[in-house]
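Colleague: Pasting in a structure now, in structure tokens, and then I'll have a few things to ask.
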Amino acid sequence: MKKVVLLLNMGGPNNLDEVSVFLKNMFNDKYILNIKNEKLRDKISSLITRLRKKSATKNYELIGGKSPLVDTTTSLVEKLSKTKEYEFDFIMRYTPPFAKDVLEKYKGYDEIVLFPLYPHHSITTVVSSLEDAKDWINELNINANIKIIDVFFNDLEYNKIIINSIKNEIYGINENEVSDIT
């Protein structure tokens, strides 16, 4: 049985040439820019992209010429791929790798798990990413069993990790476990 977990995220420019792609795709998302008329939304997203490209590009130059998100997600996929039950891959919403291209690789799989990497529910993140993936699953006629990992903001283990990270930053404490998170 062939199974894959696809991690879903916004994405970010993989290089400075993709800054426009990122901005255009993000602002053309109906959940980001809630304008029903697609042509009007496209024109406004183009205008916003032109207005923000220069400052966004400068910001990405300051952090190495690209978003760290793809490299971080690639590293996560490599670590998770050590398990044998599932394969792992990822989809970015606004920059490559796009849902269409990634899902094309898994057309013959029996099970596809969609795992949005956003801990809190939001239409602009979780719904947008899931809808995009589902649309391409339908468009590509993928007949796999589709499973979705729900938001995880209230998961105890997730919250322990966040609390330990905060304690480590503030107090220099690196605890393995938090006994009381309230």
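Colleague: Given a cut-off of under 8 Å on Cα pairs at least six residues apart, what relative contact order in percent is computed for the chain?
Modeller: 29
Colleague: What aspartates and glutamates does Lys30 reach when the alpha-carbon gap must be under 18 Å and sequence neighbours fewer than 8 apart in one chain are set aside?
Modeller: Glu38, Asp42, Glu131, Asp132, Asp135
Colleague: I'd like the distance between the alpha-carbon centres of the stretch 21-74 and the stretch 106-126, rounded to an integer number of Å.
Modeller: 21
Colleague: What aspartates and glutamates sit close enough to Lys58 to cross-link, taking a C-alpha to C-alpha distance under 16 Å and skipping anything fewer than 8 places away on the same chain?
Modeller: Output for Lys58: Asp17, Glu18.
Colleague: For a test of understanding, tell me how many lysine pairs in the stretch 62-155 have Cα atoms under 16 Å apart, given they are 8 or more places apart or on different chains.
Modeller: Lysine pairs meeting both conditions in the stretch 62-155 amount to 5.
Colleague: Between Met1 and Glu61, 0.36 nm times their residue separation minus their Cα-Cα distance comes to what?
Modeller: Length gained, Met1 through Glu61: 17.2 nm.
Colleague: Okay, next question. Suppose R0 equals 35 Å; then what is the FRET efficiency for Val127 and Ile170 from their Cβ-Cβ distance, rounded to the nearest 0.05?
Modeller: Here the calculated transfer efficiency is 0.55.
Colleague: Report, in cubic angstrom per residue, the convex hull volume of the C-alpha atoms of the stretch 63-171.
Modeller: 143
Colleague: Also, I was wondering about something else. Roll a 1.4 angstrom probe over the protein heavy atoms and tell me the percent of accessible area of the stretch 44-182 that is carbon or sulfur.
Modeller: Of the solvent-accessible surface of the stretch 44-182, carbon and sulfur hold 53 percent.
Colleague: Another question, if that's okay. Which lysines, on any chain, are close to Lys160 with Cα under 18 Å apart, when same-chain ones fewer than 8 places away are left out?
Modeller: The reachable lysines, counting only those whose Cα sits under 18 Å from Lys160, number zero.
Colleague: Measuring with a 1.4 Å probe in the full set of protein chains, what accessible area per residue, in whole Å², belongs to the stretch 1-95?
Modeller: Heavy-atom accessible area per residue stands at 60 Å².
Colleague: Order these peptides, 145-154, 128-137, by their mean beta-carbon neighbour count within 10 angstrom, highest first.
Modeller: Peptide ranking by packing, descending: 128-137, 145-154.
Colleague: Pulled fully out, how much extra length does the chain show between Lys43 and Asn154, if you take 0.36 nm times their separation in residues and subtract their Cα-Cα distance?
Modeller: Values: separation 111, 0.36 × 111 = 39.96 nm, distance 3.90 nm.
Going from the current span to full extension adds 36.1 nm.
Colleague: Hey, another quick one. Report the FRET efficiency, 1/(1 + (r/R0)^6), for Lys30 and Glu139, where r is their Cβ-Cβ distance and R0 is 30 Å, rounded to 0.05.
Modeller: Working from the Cβ atoms, E equals 0.95.
Colleague: So the label point goes 7 Å from the Cα of Tyr86 along Cα→C-beta, right? Which residues of the stretch 142-167 then have their backbone N under 16 Å from it?
Modeller: 144-153, 158
The values are calculated or read from the model by the stated rules, or taken from the named source; none is laboratory data. For clarity, every value in this text was computed on a predicted model and none was experimentally measured. Cβ atoms come from the backbone with ideal geometry, glycine included; neighbour counts cover every protein chain shown. Please note that ligands, DNA and RNA were not included when accessible areas were found on the heavy atoms of the full protein model with its side chains. Shrake-Rupley method; radii C 1.70, N 1.55, O 1.52, S 1.80 Å.
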